[in-house]
Amino acid sequence: MAPRSLSSLRYSDSITVVGISICTAIICEAISWLLIYRTASYKSLKSSIDKASKKLETMRTLESSSNPTVSLTSKKSKTKKIDRVETALKESSRDLSLFKFKSGFVVAVVLFLVFGFLNNLFEGKPVAKLPFVPIRLVQKMSHRGLPGEDMTDCSMAFLYFLCSISIRTNLQKFLGFSPPRGAAAGAGLFPMPTDAKTN
């Protein structure tokens, strides 16, 4: 009976951290919805990015499947049109990022306060047990602030970090709040395909 109660007590800390992370993610998305997602400006920018992304994808598909005997002037004209759409997509993505900044600041404050609360609650206390010994680089976070040499002990900071990046991302997808499809490419986070023959 004692080992079972000890085991449930040990898992209660990790369940507490996960539960608070879920609640925090919901609160953060509620703030984002209140300040951003429900506004006409956001919907307009999102629509512009979606349209520009689809248009750019279609234009590039047509360009790659075009007849190689097409004149150089025609190719340059198509390239200029693609560049214009790509520029518009980048500008819309930049505007969207700036527009989301105000809610990002509020969300950052909420996350900072919650982290501070959890840090005080579980300071120097392992909240979970890892099934393996992580690499040395990961150990700096997974064993952060914990006493002893058992590297399978998991700190609150590491568990909270994992929960934050996984729960909120999936919650955004579930609620339909994930960034528009072309926003990442338009912002330059991922390289856009280019015509190898273009100088």
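The values are calculated or read from the model by the stated rules, or taken from the named source; none is laboratory data. All values derive from a computational prediction rather than experimental measurement. We place every Cβ from the backbone using ideal geometry, glycine too, and count neighbours over all the protein chains shown. Side chains are part of the model used for accessible areas, which takes the heavy atoms of the whole protein and leaves out ligands, DNA and RNA. Shrake-Rupley method; radii C 1.70, N 1.55, O 1.52, S 1.80 Å.
Restricting the first member to region 135-148 and to residues that are under 20 Å from LEU118 (Cα atoms), and the second to residues that are hydrophobic (A, V, I, L, M, F, W, C) and outside any loop (DSSP other than H, G, I, E, B), the beta-carbon pairs closer than 6 Å and six or more apart or on different chains are MET141/PHE158; SER142/CYS154; SER142/PHE158; ARG144/ALA157.
Being at pLDDT 85 or above, outside any loop (DSSP other than H, G, I, E, B) and either open to solvent by less than 30 Å² (accessible area, probe 1.4 Å) or among the small types (Gly, Ala, Ser) (or both) is the requirement here; does SER77 meet it? When the stated conditions are applied, SER77 does not pass them. Would you mind stating whether SER155 is small (Gly, Ala, Ser), in contact (Cβ under 8 Å) with a residue 24 or more places away in the chain and closer than 27 Å to SER44 by Cα? So SER155 does not fit the description; no. Out of (1) among the aromatic types (Phe, Trp, Tyr); (2) farther than 23 Å from SER12 by Cβ; (3) in contact (Cβ under 8 Å) with a residue 12 or more places away in the chain, what's the single condition that is false for PHE105? Result: PHE105 fails condition (3) only.
Results for (1) at pLDDT 85 or above; (2) under 30 Å from GLU63 (Cα atoms); (3) touching a helix residue (DSSP H, G or I) at 6+ places or on another chain (Cβ under 7 Å), shown as yes or no for each residue.
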position: ALA108; (1), (2), (3): yes, no, no
position: GLU123; (1), (2), (3): yes, no, no
position: LYS129; (1), (2), (3): yes, no, no
position: VAL133; (1), (2), (3): yes, no, no
position: LEU159; (1), (2), (3): yes, no, yes
position: ILE167; (1), (2), (3): yes, no, yes
position: LEU175; (1), (2), (3): no, no, yes
position: PRO191; (1), (2), (3): no, yes, no
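Residues in region 118-139 that are exposed (fewer than 12 other Cβ atoms within 10 Å of the Cβ) and not small (Gly, Ala, Ser) were compared, and the one that is nearest to the chain's Cα centre (by Cα) is LEU137. Condition (residue is touching a His at 6+ places or on another chain (Cβ under 7 Å), on the phi < 0 side of the Ramachandran plot and not in a loop (DSSP other than H, G, I, E, B)) applied to region 111-125: is it met by at least one residue? Within region 111-125, none of the residues are touching a His at 6+ places or on another chain (Cβ under 7 Å), on the phi < 0 side of the Ramachandran plot and not in a loop (DSSP other than H, G, I, E, B). Test ALA185 against the criterion of being out of contact with any Ser or Thr (no Cβ under 6 Å at 6 or more places or on another chain), modelled with pLDDT under 85, surrounded by 12 or more Cβ atoms within 10 Å (Cβ to Cβ) and not in a loop (DSSP other than H, G, I, E, B), and give yes or no. It is true that ALA185 is out of contact with any Ser or Thr (no Cβ under 6 Å at 6 or more places or on another chain), modelled with pLDDT under 85, surrounded by 12 or more Cβ atoms within 10 Å (Cβ to Cβ) and not in a loop (DSSP other than H, G, I, E, B).
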